[in-house]
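Nothing in this text is a laboratory measurement; each read-out follows from the coordinates by a stated rule. All figures in this text were calculated on a predicted structure; none of them were measured in a lab.
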Amino acid sequence: MPEQPAYFVSLDELRLREGWTLQLVAGNRERTVLNVLERAPEGALLSYTLGERQGQPWFMLVYGQYTSYDVAREAAGRLPAALGVGEPWVRSFKSY
């Protein structure tokens, strides 16, 4: 059971989204994601999911939904400073 169910989406559900997103953080502990969520301003477009990497749980936090790689890349430069994320990874939802 996710600690923040309001922000959690299954990996299958995330893959069904259209377009691109910004992956802010990822790690094998849910706390990695929760630390950023706790700093997020109200209304931030955040979701997190759980996958697997090298046989271990892998939590991933994403921000926003964009129509193209270029639009997402541009949005990466305007992330809320409170998130404390330096360089997000632009990814298509289908790449998850």
>> Could you work out the percent of alpha carbon pairs in segment 30-96 separated by over 16 Å, rounded to a whole number?
In response: 50
> Hull surface divided by four, with the convex hull built on the Cα atoms of segment 1-60: how many nm²?
Replying inline: 4.4
> Given a cut-off of under 8 Å on Cα pairs at least six residues apart, what relative contact order in percent is computed for the chain?
Replying inline: 41
>> Connecting C-alpha atoms closer than 10 Å in a GNM of the chain, tell me which of Arg15, Arg39, Arg78 has the biggest fluctuation.
In response: Arg78
> How far is the Cα center of segment 13-32 from the Cα center of segment 38-94, in Å?
Replying inline: 6
